[in-house]
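Below: the structure, in structure tokens.
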Amino acid sequence: MEHEITLIQGDGIGPEVTHAARMCVDALGKSNGFNVYWDVQPAGADALKKYGSLLPERTLDSIRRNKVALKGPITTPIGGGFRSVNVALRQELDLFANVRPVRTFEGTKSRYSNIDLVIIRENTEDLYAGIEFKAGSKDAKDMIKFVKSKSSKEVRAGSALAIKPISSFASRRIAKFAFEYAKIKGRKKVTAVHKANIMKYTDGLFLKSAQSVARNYKDIEFESKIVDDMCMQLVVKPDEYDMLLCPNLYGDIISDLCAGLVGGLGMAPGGNIGKRAAVFEPVHGSAPKHAGKNDVNPVACILAAAMMLGNIGEHKSQLELEHAVAKVIKDGKKVTYDLAKGKAVGTKEMTMEILKEITK
Ligand code: NAD
């Protein structure tokens, strides 16, 4: 069996962690009889230098063609009018569902045991839609006038503005995705996260859509939580939750919080899923201060590659990879600084240990 997969190495620690994941997939291919052709494509800082674009069309074309990609993290310069490559990629390919599983691996340094959560985050709307108006710009001034004429609300002069679009279409689509996921994976409960008490129309619509979709899935428990309460509940009794259905912004924040519950960002993988393509990546960013130091945890990216293997139908390899990771973390002898209880090893050494488990 042949698989062609787009590989975006990314910025900062991206090349190190994607290399680790690629080696694991290749090793599994050898033992389980499939072959991966990696179509390496640019995005991020290098792409900007070489092709004049943070996300060149050739990269999008490659993902459209292959329908699946593994992606390292990409640096988004703060301010300065840069559009996030990650947000652009999700919007361009309509990767509307962000799936972020968070679970405890025995041997991690964490305050909790037995956490097994999945965050389903809407990926295309909300304050991440990228509709912003710069403070003092003519457009911002026009918007302030427009808001006053429509709502009689006074926005302070000189303010910057952002628009938070939430549609019934996208909210129902992500809710349906969450319940279908729950059905396939045998999960029991979906908790919708919102702030509809304050944002009655936007978050209110998200919540109403989730409630209406939930009525079609009688076997799966449904409840809702206000986002601030949700954060507190996750810290106090995370084991009471199963799947969290979130709009874009809360989903991003809550998934980092949940990563912290199971040992940190080095442990959290994610998949961006659409009808025509899927892009798998670690939840963490490019951690520039660690770049090239061979010290970060490759597990988030390796587990993202495991999710990818499931997506392309290589379920046996997905399980073997997850078991190999779990074994190495449990042994605790060859793990990176964020997991080590004694002396830490580097990214490469931990990857070699996982490879040894795979090929045992
Ligand atoms: P970050 O996730 O890159 O790093 C924050 C801290 O988490 C690091 O300093 C490190 O201590 C720890 N960490 C992250 N990954 C780790 C790993 N694999 N192993 C061990 N420890 C790890 O967040 P940041 O510093 O806020 O962001 C850096 C850049 O990454 C920004 O430009 C941001 O926009 C970008 N970013 C990209 C993505 C993406 O590509 N999907 C996601 C988040 C952030």
Summed side-chain charge close to residue 75 - residues other than residue 75 whose Cβ falls under 14 Å, Lys, Arg +1, Asp, Glu -1: +1
log10 of Debye I(q)/I(0), alpha-carbon scatterers only, for the stretch 288-330 at 0.15, 0.19, 0.24 Å⁻¹: -0.44, -0.61, -0.78
Normalised per residue, the volume of the convex hull around the Cα set of the chain (Å³): 145
27 Å Cα-Cα threshold exceeded, pairs from 109/237; 188/316; 176/330; 185/225: 176/330
The chain: most fluctuating residue of 258, 231, 301 per GNM, C-alpha cutoff 10 Å: 231
Additional length obtainable on full extension of the chain from residue 114 to residue 236, 0.36 nm per residue less Cα span: 42.6 nm
Backbone HN-Hα couplings from phi across the stretch 196-206 [Karplus 6.51/-1.76/1.60, Hz, Gly and Pro as x]: 6, 5, 9, 9, 5, 7, 6, 5, x, 5, 4
Rounded Å value of the spacing that divides the Cα centres of the stretch 281-332 and the stretch 1-78: 14
Two-decimal ratio, the stretch 246-360, of alpha-carbon radius of gyration to 2.2 N^0.38 Å: 1.09
In Hz, Karplus ³J(HN,Hα) per residue of the stretch 288-304 (6.51, -1.76, 1.60; θ = phi - 60°; x = Gly, Pro): x, 6, 9, 4, x, 8, 6, 10, 7, 7, x, 4, 4, 6, 5, 5, 5
Crossing angle, helix 248-261 versus the chain [Cα axis fit, 0-90 degrees, rounded to tens]: 40
Set of aspartates and glutamates with alpha-carbon distance to residue 148 below 19 Å, sequence-local pairs under 8 removed: 132, 139
Length-normalised contact order of the chain in % [C-alpha pairs under 8 Å, at least 6 apart]: 23
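Every number in this text was worked out from the coordinates using simple rules, so none of it is lab data. Keep in mind that what you see is a predicted model, and the values were worked out from it rather than measured. Neighbour counts run over all protein chains shown; Cβ positions are idealised from the backbone, glycine included.
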